[in-house]
Amino acid sequence: MKTKRMGAQTVQPERPPVICAAASVVGKKEGDGPLRERFDAVNQDSYFGTKSWEKAESAMLKQCLELACQKADLAPESLDYVLSGDLLNQCAGSAYAMRESGAPYFGLYGACSTMAESLSLAAMLIDGGYADRCAALTSSHFCSAERQYRFPLEYGGVRTPTAQWTVTGSGALIVAADGKGPKVTAVTTGKIVDAGIRDVSNMGAAMAPAAYDTLKAHFADTGRSPDFYDMIVTGDLGQIGHAVVTDFFRRDGVDLRHNYTDCGLLIFDREKQDVHAGGSGCGCSAAVLAGHLMKLLTDGQIRRLLFAATGALMSPTASMQGESIPGICHAVAIEMEGGAT
């Protein structure tokens, strides 16, 4: 059988799946940021019309999938698979959001790497002939994440300078075997990398080594240099993690400064908004990809994108037991035929 593998960690689809529609839904703070016009919906009510933060996250994710399906002119129940996850226990945000979708469902957990994980698996399902149309999506909500990982908002805990602000946002992509739109041309699955970081308020430093490891693997497997891409975008390392990855490559003699950025730096204005080291959460990279980055591709402003979402695979219980924070990063190459470079 003909192999689709390129090196140790990367696969190249024989028939690259197409991202035929994308949608993004965010909260008020994200809508006040520099990417406001790039999102499909900005909700001024952090409860999204519900009575709890967790229900709000599900309502936001459900809205996001419905918008993406409307753009693709299909009903959710006509999808072959829905691949979704979030930061809540048992991926409850996604499960409750998708319970009325009528589509076969895979619940995923990759922490903040979930958008790249869901897109990777959707592309492989389609290229493998197991599906024609899939939805890849994820979400996070600032208030539900605070309750899950740190303290309830009523506690009023002080955030350290290295802390990042969990984005209230979601992103959904409809991936198909054919159609018009950017194509998934390569998928590099990351390995767990644990640098021994135990500071739960410094996710950027904990995840950066995994981003570096996966990006290096992608370049080695594909034979592509960083200059092959118009943009290399990680998520969500924020200011500190972005600086660490840039420095790691600088030590290798590779200058990423001209085409490398991070979703956690793009979604907020760090000078005007109190987000400390930047944005984080599953919804950060999901909303930036489905909103801002997809528009850059479809408008022809960029042609080649390397999207590398990162996650911290920790739990509050493990952290309280003194465990370090394992990191993961999955990279997806997305290319648009034609367009500027």
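Readers should treat all values here as calculations from the given coordinates under stated rules, not as data from a laboratory. It should be emphasised that the depicted structure is a prediction, and the values quoted were computed from it without experimental measurement. Reconstructed Cβ throughout: ideal geometry from the backbone, glycine too, with neighbour counts over all protein chains shown.
What number comes out for the charge environment of Val288, summing +1 per Lys or Arg and -1 per Asp or Glu over other residues with Cβ under 12 Å away? Charge balance near Val288 sits at -1.
Loop-located chymotrypsin sites (Phe, Trp or Tyr not before Pro) in the stretch 48-149 (DSSP state other than H, G, I, E, B) with a sparse environment of at most 14 neighbouring Cβ atoms within 10 Å: Tyr130. Here the 3J(HN,Hα) profile of the stretch 121-130, calculated from phi with Karplus coefficients 6.51, -1.76 and 1.60 at θ = phi - 60°, is 5, 4, 5, 6, 4, 6, 5, x, x, 8 Hz, Gly and Pro shown as x. Taking the empirical scaling 2.2 N^0.38 Å for compact globular proteins as reference, the chain has a Cα radius of gyration ratio of 0.90. Taking other residues whose beta carbon is less than 9 angstrom from the beta carbon of Trp53, and scoring Lys, Arg as +1 and Asp, Glu as -1, yields -1. For the stretch 1-76, the set of GluC sites (Glu not before Pro) satisfying both a DSSP loop assignment and a count of at most 11 other C-beta atoms within 10 Å is given as Glu14.
Beta bridges from DSSP with both residues in the chain: antiparallel share about 65 percent, rounded to the nearest 5.
Computed on the Cα atoms alone, the convex hull of the stretch 296-341 gives a volume of 74 cubic angstrom per residue.
For Ala195, nonlocal amide neighbours, meaning residues 5 or more places apart or on other chains whose placed amide H falls under 5 Å from its own, are Gly327. Sorting 68-79, 197-208 by average packing, meaning the other beta carbons within 10 Å per residue, from highest down gives 197-208, 68-79. In sequence order, the stretch 132-137 has phi-based couplings of 9, 9, 10, 10, 10, 7 Hz under the Karplus curve 6.51 cos²θ - 1.76 cosθ + 1.60, θ = phi - 60°, and Gly or Pro positions carry x.
The gain in end-to-end length when the Lys272 to Ala243 segment is fully stretched comes to 8.4 nm, 0.36 nm per residue minus the alpha carbon separation. Considering only Cα atoms, the convex hull volume of the stretch 4-121 works out to 137 Å³ per residue. Annotation: average projected area of the stretch 183-335 is 9.1 square nanometres, based on the convex hull of Cα atoms across all directions.
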